[in-house]
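Shown next, in structure tokens, is the structure this report addresses.
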Amino acid sequence: MSRVHPEAFTGTPTDAVEILAWLGAVPTAPYHEDRIVDRVVGFAIGLGLEVSDDADGNVFVWYRGASSLGHAKRPLIVSAHMDHPALEVVSTEPLVGHLLGSIRPESFSTPVPVRFFTPDGSDDPRGVLEVAGCVLGAFQLEGVADARVGLHLAAAGTLVPGAFGVFDTGPVALDAETGLLYLTAADDLAGCAITLAWLARSAAAGVGLDLCGAFTRAEEVGLVGVAALVRRRGLPDDALVISIEASKSLPGAELGMGPVIRVGDAATTFHPEGDAVLRAARDRIRGRDAGYRVQRQLMSGGVCEATAYVVAGYTTGAVCVPLGNYHNQTPDGGIGAEYVHIDDVDMCATLLVEAGVVMSEGFKWPDDDRTSRRIADRPDVQLQRLRNSGVQITSSES
Ligand SMILES: [Zn+2]
């Protein structure tokens, strides 16, 4: 058993991959995001950014690049969730838990190692003891809001109800040959890390726009944090909200091929203005860097927070990085580390920085969208040819 200690970020604040490795070193679960909150807040304060939270524990980090200069422009908000599928102890005699998040029950047909974190009895509400254990098997649950799967558990120490556990998939590890970064909770710590790097890069570049990272809670049990946030209209109504995720890789959204401009998810499609801002950003980066990679796809592997924002009437777009071993489900049917490609992570931060620059220059959809304009602005020569070549329908009786 060992204590979990907070640890300050000592890397490069503009480097999303370094931030991701740092965030990935601490455990997180739905309703148990405290350690990620500590790191997000510590990072933001270290950069001199404005930090706030709401009554539900969602965290907001603001860089005021426009209003600090007296400019009124619509803000750009990037929303990432701080939790990941994990489990929670509900009874100790026998030791039983609930699976918080969507994973096939068959993944637990062989024992899965777990790191449990149980209150250490100290005055520090964050104080926990780590206890090794495992999932022995799964069973169906009925009538529980947070879980559809119950878990038979074993542990090498004493746990209390309310303790949480994360899958023990080993330490954060980079395969330098493939560029793949392995960690338990790439979904959505990759989104959190990219958002922090985006804020750091934008602040360093002095982007002339108000930017906000919205770090939400309990996404994996049904978008609960963001549901509470939009119910309270907790973000400015005129904001462009970009949801960021690590999302199950698909044909057309492959690891190492760049971040994905996400036009929809398993539930809804998003706003053409969000898509247009991201495409404009992509085109500008490609104009100066021929090696820059971006994909664009409807990511049908899951529902993301963009659906909650779009349903609530926010102008919404989305990006993601392709994810391997989605929700820790390995191709052989077991549980293992998730992985993302470090180029996708880095290039996603680049895309978001440019999106802020595009918006700071007053980008309007559809007027400033090249693709939309291409249709509205057909050349006269074509319109004239159309007019001249049309067969006029004339009535024989007139
Ligand atoms: Zn997820």
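Here, each number is a calculation from the coordinates, and none is a lab measurement. This structure is a prediction, so every number in the text was calculated from the model and none was measured. When we count neighbours, we look across all protein chains shown, and the Cβ atoms used for this are built from the backbone with ideal geometry, even at glycine.
Miscellaneous remarks
- Distance from region 144-163 to region 1-80 (C-alpha centre basis), Å: 29
- With K and R counted +1 and D and E -1, the other residues having a Cβ less than 13 Å from that of Ser249 yield a net charge of -3.
- Within a Gaussian network of the chain (alpha carbon springs, distance under 10 Å), most fluctuating of Ile375, Ile342, Ile194: Ile375
- Applying D = kT/(6 pi eta Rh) to region 106-239, where Rh is the Kirkwood radius over alpha-carbon pairs, T corresponds to 20 °C and eta to 1.002 mPa s, the Stokes-Einstein value obtained is 116 µm²/s.
- Cα principal axis extents for region 300-398, largest first, Å: 77, 38, 30
- The mean sequence distance of close C-alpha pairs (under 8 Å, at least 6 residues apart), as a share of the length of the chain, puts its relative contact order at 20 percent.
- Low-density loop cleavage sites - trypsin sites (Lys or Arg not before Pro) in region 295-398, where at most 16 other Cβ are within 10 Å (DSSP): Lys364
- Candidate membrane-span-like segments in the chain, meaning DSSP H helices with Cα atoms spread over at least 27 Å of their own axis and a Kyte-Doolittle mean of 0.0 or above, are 186-205, 342-360, with no membrane implied.
- Total formal charge among the other residues, if their Cβ is under 14 angstrom from that of Ala267, Lys/Arg +1 and Asp/Glu -1: -3
- For the chain, modelled as a GNM whose springs connect Cα atoms under 10 angstrom apart, the maximal fluctuation among Ala239, Ala190, Ala204 occurs at Ala204.
- As computed over the chain, the Cα convex hull volume per residue (Å³): 205
- Structure remark: mean-square fluctuation, Gaussian network model of the chain, C-alpha springs under 10 Å; the largest value among Glu142, Glu254, Glu106 belongs to Glu142.
- Here is the result for region 1-69: no trypsin sites (Lys or Arg not before Pro) lie in DSSP coil with at most 16 other C-beta atoms within 10 angstrom of their C-beta.
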